[in-house]
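The values are calculated or read from the model by the stated rules, or taken from the named source; none is laboratory data. No experiment lies behind these values; they were computed from the predicted model shown. Here the Cβ positions follow ideal geometry from the backbone for every residue, glycine too, while neighbour counts run over all protein chains shown.
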Amino acid sequence: MGRMNKENDKDNVLRRDGNITEETDRKLQYLSRLTEQLQYRPVRQKIYREYEDHIDDETEYRISTGMTKEEAVEAAVEQMGDPVETGKALDQIHRPEKVLLPWLGVLFVLGLGMALVYYIQRDMQGQLWSLVSAAYPGRIHINRIDLFLCIIIFTAVTYFSYTKYQKFSVWAGLVLMITPVWYFMHRTGMGENICQILDDAVPRILGGEKGWIARRYYLLYVPIFGLMISYWKGKPHQLGKSLLAMALPLVLSFDPAVTDDELGSWGNFTFWTIALYLVFVFVMAVQLEIISLPKRRTTWIAGITFVLAKGIYMLYDFAVVCHAQWSVYYHHTGWNIMFTFFSEKRRQEYSTLWKTLLGEDSGVPLLLFHVQIMQGIKWIGTSDVLTQKLAQDQASADQVYLYITYGDLNTLMAYVGILPVVLVLGALTAFTVWLVRRAWRQSNRTGRLLGTSIGFVILFRIFYATAQAFSLTPGNHYLGLIPVFGGIGTEDYSGIAETLALYGMLISIYRYRNVS
Amino acid sequence: MDKSLLSGSNTMLLLQLLKDQDMYGYQMIEELRKRSQDVFEMKVGTLYPLLHSLEKSGLLQSYEGEAAGKKRIYYQITKDGRQELERKKGEWAEYAGAVMHVMQLQID
């Protein structure tokens, strides 16, 4: 408070008088008592300044009416009222919201996921367990250290005011936009040594797939883009443009990726990510007047063009898949899963095609396994075909391991049944919407935008992963992580950390609404 | 004047002041006094908590401006604030009309 007194004492009129000390002291006493009542320290300076300016204005006026300086200051402070009472009233307005309940809520869901992991592993018996655990000894367990780290990350993000990193949003956005380029280099093998270190950094600490930042978290671009636009615009943003910024990464996420074996899922993802990156850089250059074009029209045209291009591509992709010529690239992605689920005829065609193209039918049992678990049966010990294949095939054991350890929703549904999982996802959705609505209730437009976009990302992933598990949408394992449930296995605590960070940010936006 | 008559309409009065121009706190008290011909004298202890509360509700927003060479925190009414003002004006008109009828008063 001493530092604040020196920096904020702008009372130049009083400085010229020999009795300065007493008058200034009277004012400072009032201001100190007022701001002491504010429990949230970051708001104290602003309020201190506002009240100090008011006292100074009142003092100047009273001096102009003929009062002495001492009388003027005394009267000015007197008419300010009781500092304690006023301070308490301000404290009620500026105190951060209590968020213990949402914090516990998220941890409860996390605990639910961990309990499922434990019971799935405990129930795994016989040949299936021995096969998978032989392939990955000691890996199927709950990593307590990683779990603890994830909770620390969640708590830290929750209780750290989001407004503090708002000013870094532009830099964060620029760094994030580089990641598609990095990912392209990684996937094509260019600059492998450089990429490897960055690529593996987070998975090394917390586990998970390689290419953690660049690869499947492009949905994080949504809140980052929104934050960048809000900050860079300098004034309340236009909701239309922000929604457009959110829509672009969303469009990118629909990547059926099974049209051509050469392109493949990663090729398509890389292509569209780079395209989005270039479009965004172009739009930014126009907005910053580096390129001289109409700003509003260019943004809308660029966005709509991108969406249309991707839409046309998806239609083309769907048409190709319908002909069942190239649809065997990745067994659980693509529109195929929809057809095989609904059609026995299609399953037979798929099996024949697989044998024709690859000379074997190793993909078929896993596909049938997929269909079986869609019917909600317990897979452990009942999937005879799968068990047989596992006995022969290390690659198949790899796939089963993936299902278990990456928190595949299908596995969860097969284990506990469809209804419980749907109920839990419904509750998670309602909880997320509740958080977003609370985050929305603030005058800070950046907070509103960021809260909305983060909530959008979470809800979209819940929706899409659920639809994918029911084979209602093309598969895409970049979106396969259900918040918190995702990565409940042994490998992907980076997925849990990411989801908890998203929830933490959402809770932080609610907690620190209008406290800046 | 009975201060309780003023307290219920503080929000409406502040929003009305800010509808025409942005102001800082001290300016608002002076302007309110002037326009009401010294009938209304809002206390500082009431003003700033109310302003901050209205800002938190999204009816106002603050920014740093300059007046006579000094930096001040100015308040500006938002779109939501304008809507709220219209709503409160409607409520006040209804209330005032009802009082007038009960008291059998007429406006000359």
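The residue of the range A:77-90 that is nearest to the other protein chains (Cβ to nearest Cβ), among those that are touching a residue at least 40 places away in the same chain (Cβ under 8 Å), in a helix (DSSP H, G or I) and of a type in the set (A, V, I, L, M, F, W, C), is A:LEU90. Scanning the range A:54-68 for residues that are polar (S, T, N, Q) and outside any loop (DSSP other than H, G, I, E, B) turns up A:THR59, A:SER64. Pairs are defined by a Cβ separation below 6 Å, a sequence spacing of at least 6 or placement on different chains, a first member in the range A:55-67 that is in contact (Cβ under 8 Å) with a residue 40 or more places away in the chain, and a second member that is among the β-branched types (Val, Ile, Thr); the pairs so defined are A:THR59/A:VAL73.
Here A:THR59 fulfils each of the conditions (1) within 36 Å of the chain's Cα centre (by Cα); (2) within 13 Å of another protein chain (Cβ to nearest Cβ) apart from (1).
Please find, among B:GLU91, B:GLU30, the residue that is of a type in the set (Asp, Glu) and within 14 Å of chain A (Cβ to nearest Cβ).
On the way: B:GLU91 fails: within 14 Å of chain A (Cβ to nearest Cβ).
Sole residue among the options that is of a type in the set (Asp, Glu) and within 14 Å of chain A (Cβ to nearest Cβ): B:GLU30.
Of the residues making up the range B:34-61, those that are within 9 Å of chain A (Cβ to nearest Cβ) and farther than 19 Å from A:LYS88 by Cβ are B:SER57, B:GLY58, B:LEU59, B:LEU60, B:GLN61. Residue check: B:MET100 meets all listed conditions (1) over 30 Å from A:GLU78 (Cβ atoms); (2) more than 9 Å from chain A (Cβ to nearest Cβ); (3) at pLDDT below 85 but one, namely (3).
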